[in-house]
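Asker: Pasting in a structure now, in structure tokens, and then I'll have a few things to ask.
The values are calculated or read from the model by the stated rules, or taken from the named source; none is laboratory data. For clarity, every value in this text was computed on a predicted model and none was experimentally measured. When we count neighbours, we look across all protein chains shown, and the Cβ atoms used for this are built from the backbone with ideal geometry, even at glycine. Side chains included, ligands, DNA and RNA excluded: accessible areas come from the protein's heavy atoms. Shrake-Rupley method; radii C 1.70, N 1.55, O 1.52, S 1.80 Å.
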Amino acid sequence: MKKTIMMSAFCAGLAYGDVAQLLDADKRTFDNSKYIPDISLIADIAYVSHSIDSDELPHLELPGIAHGLLGEHTHGDSHHATYNANQGFNLNYAELVLSSSVDPYFSMDGTFHFSENGVEVEEAYATTTALGNGLRLRGGKLLSNFGRLNSQHHHYWDFNDMPLVYEGFLGMHGINELGAQLQWTAPTSNYLMAGFEVLQGENEQMFGNASVFSDNQEEPVVEGTKAPSLFVGYLKSSFDIENTTIFGGVSYAQGDSLLDHSDDEDEPHVFKGESKLFGADLTVLHAFDSYSSIKWQTEYLKRKMTGYDYNATNGIEIDDGSTTQDGLYTQLVYKIDNSWQMGVRYDTILDNGNAEHQDGLDKYSAMIEYHTSEFARFRLQYNYNKALFNDEGERENLHSIIFSANIAIGAHAAHAF
């Protein structure tokens with residue numbers, strides 16, 4: 001490269017000093033260290049003890065809402081393992097994060113989950129704020145900013161598992177989709193942000209658009225719809241009152257639903273229709289000093305699914321599959337100092353659209369956590385889940401103890417409040 005620049009410069013009749021400046025500019029332009037992204041690796045390992053045998057866990061269901069929330073299970077052609085799925089030791093994931101500026105206009109982030117079942121691209125997106133006027137545009141695979149919890153990675157949660165209402169309505173991964181996101185931050189003294197997202201629409205529990213095929217058939221049993229088919233909007237705001245920060249928002253998602261339940265043991269079927277999801281969240285954080293605080297966080301979700309159930313083999317309409325369901329979680333976390341924190345959480349399904357199994361769909365959690373530094377966290381959590389039923393329709397009270405270690409190395413960007 002130097003020889004090429006010198007030959008070109010001398011042919012152009014430049015002085016030696018001008019050539020030296022060109023060489024310096026070339027060195028600055030191609031300084032590789034400026035193009036190396038921030039890299040971090042986060043490992044989450046847990047020891048789990050359930051009061052119910054591992055073979056029975058995948059058969060438990062949240063009646064009228066979801067099955068397979070616990071344990072390893074197969075859904076269609078995919079093999080799923082929820083976090084902390086097995087008795088004994090679990091490698092939940094090793095998360096590799098890459099993040100860097102691309103140029104003055106774009107940045108890029110990627111989050112990759114490595115597990116014993118394979119590798120998953122959790123997020124891979126480019127972001128620009130070059131539009132100005134408080135606008136930010138993001139495109140790729142991303143966690144939707146719907147609600148409070150959905151956009152947070154697992155290692156940032158205050159508890160080891162997702163609340164019942166989130167996992168029941170949206171699945172373990174939440175709304176994690178290919179698509180585009182546009183956000184606008186208002187030029188106000190208090191934080192005010194509005195966002196809109198156009199997403200592919202492939203959520204395993206609520207949204208979908210792919211055709212469903214039966215064995216050995218070329219034509220679909222139930223024909224899919226056109227993608228992208230999921231649209232999300234939200235409004236979020238926060239303000240401070242002395243040492244207290246109040247953050248809240250409302251969210252709305254609407255999209256096609258084409259859900260393959262052909263593996264259901266009771267009645268294999270396919271649901272096709274339209275779904276709407278409403279969310280409201282509130283977080284209140286009071287800081288006692290630089291290291292001690294108390295945080296209350298709660299979210300309410302309500303979904304309405306309108307459509308029909310079809311036979312998974314011949315595509316004949318079975319019944320009206322429409323339902324309206326809602327639930328919430330509320331949690332309180334006390335950060336004692338820079339090393340210790342503890343918390344409690346209450347989950348409940350208020351209405352599951354099933355009159356037979358509607359009362360007492362509750363879950364109680366308590367945790368205590370120790371940090372050796374910001375890069376290492378050790379958490380002991382106890383769950384009492386009385387919202388699950390077995391294949392015979394009998395309630396199964398599940399007690400769980402989870403001890404997890406979350407260790408990080410490398411440069412990892414700070415999380416938003």
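Asker: Which of the residues that make up the stretch 90-126 are among the hydroxyl-bearing types (Ser, Thr, Tyr) and either within 15 Å of ILE36 (Cα to Cα) or surrounded by 17 or more Cβ atoms within 10 Å (Cβ to Cβ) (or both)? Full working, then the answer.
Answerer: Going through the stretch 90-126, the residues among the hydroxyl-bearing types (Ser, Thr, Tyr) turn out to be 93, 99-101, 105, 107, 111, 115, 125.
Hits for the stretch 90-126 are TYR93, SER99, SER100, SER101, SER107, THR111, TYR125.
Asker: So, in the stretch 355-376, of the ones that are closer than 30 Å to THR323 by Cβ and in contact with a strand residue (DSSP E or B) (Cβ under 8 Å, 6 or more places away or on another chain), which residue ends up most open to solvent (accessible area, probe 1.4 Å)?
Answerer: Initially, the stretch 355-376 is screened for residues closer than 30 Å to THR323 by Cβ, giving 355-365.
Adding the requirement that they be in contact with a strand residue (DSSP E or B) (Cβ under 8 Å, 6 or more places away or on another chain) leaves 357-358, 360-365.
Details: HIS357: 34, GLN358: 64, GLY360: 25, LEU361: 1, ASP362: 20, LYS363: 15, TYR364: 97, SER365: 7 Å².
The qualifying residue most open to solvent (accessible area, probe 1.4 Å) is TYR364.
Asker: Are there any pairs, at least 6 apart or on different chains, whose C-beta atoms fall under 7 Å, with the first in the stretch 220-233 and within 12 Å of ALA180 (Cβ to Cβ) and the second in a strand (DSSP E or B) and open to solvent by 20 Å² or more (accessible area, probe 1.4 Å), and if so, which?
Answerer: Note: pairs meeting the criteria are PRO228/GLY179; PRO228/VAL198; PHE231/VAL198; PHE231/GLN254.
Asker: Okay, moving on. Could you check the stretch 175-284 for strands (runs of 3 or more DSSP E) lying wholly inside it with 2 or more residues that are open to solvent by 20 Å² or more (accessible area, probe 1.4 Å) and acidic (Asp, Glu)?
Answerer: Details: elements: 176-185, 191-199, 230-241, 244-261.
Hits in the stretch 175-284: 244-261.
Asker: Among (1) at pLDDT below 95; (2) in a strand (DSSP E or B); (3) over 30 Å from PHE207 (Cβ atoms), which single condition is TYR310 missing?
Answerer: (3)
Asker: How many residues, within the stretch 109-150, are in contact (Cβ under 8 Å) with a residue 40 or more places away in the chain and of a type in the set (Gly, Ala, Ser)?
Answerer: Of the residues in that region, 4 qualify.
Asker: Output the number of residues of the stretch 87-139 satisfying the condition of being part of a loop (DSSP other than H, G, I, E, B) and within 21 Å of the chain's Cα centre (by Cα).
Answerer: Just the residues of the stretch 87-139 that are part of a loop (DSSP other than H, G, I, E, B), to begin with: 87, 102-106, 116-117, 129-134.
Subset that is within 21 Å of the chain's Cα centre (by Cα): 116-117.
Result for the stretch 87-139: 2.
Asker: For GLY321, are the conditions met, namely being under 19 Å from LEU277 (Cβ atoms), surrounded by 20 or more Cβ atoms within 10 Å (Cβ to Cβ), of a type in the set (Gly, Ala, Ser) and at pLDDT below 95?
Answerer: On the way: under 19 Å from LEU277 (Cβ atoms): yes; surrounded by 20 or more Cβ atoms within 10 Å (Cβ to Cβ): yes; of a type in the set (Gly, Ala, Ser): yes; at pLDDT below 95: yes.
Yes, satisfied.
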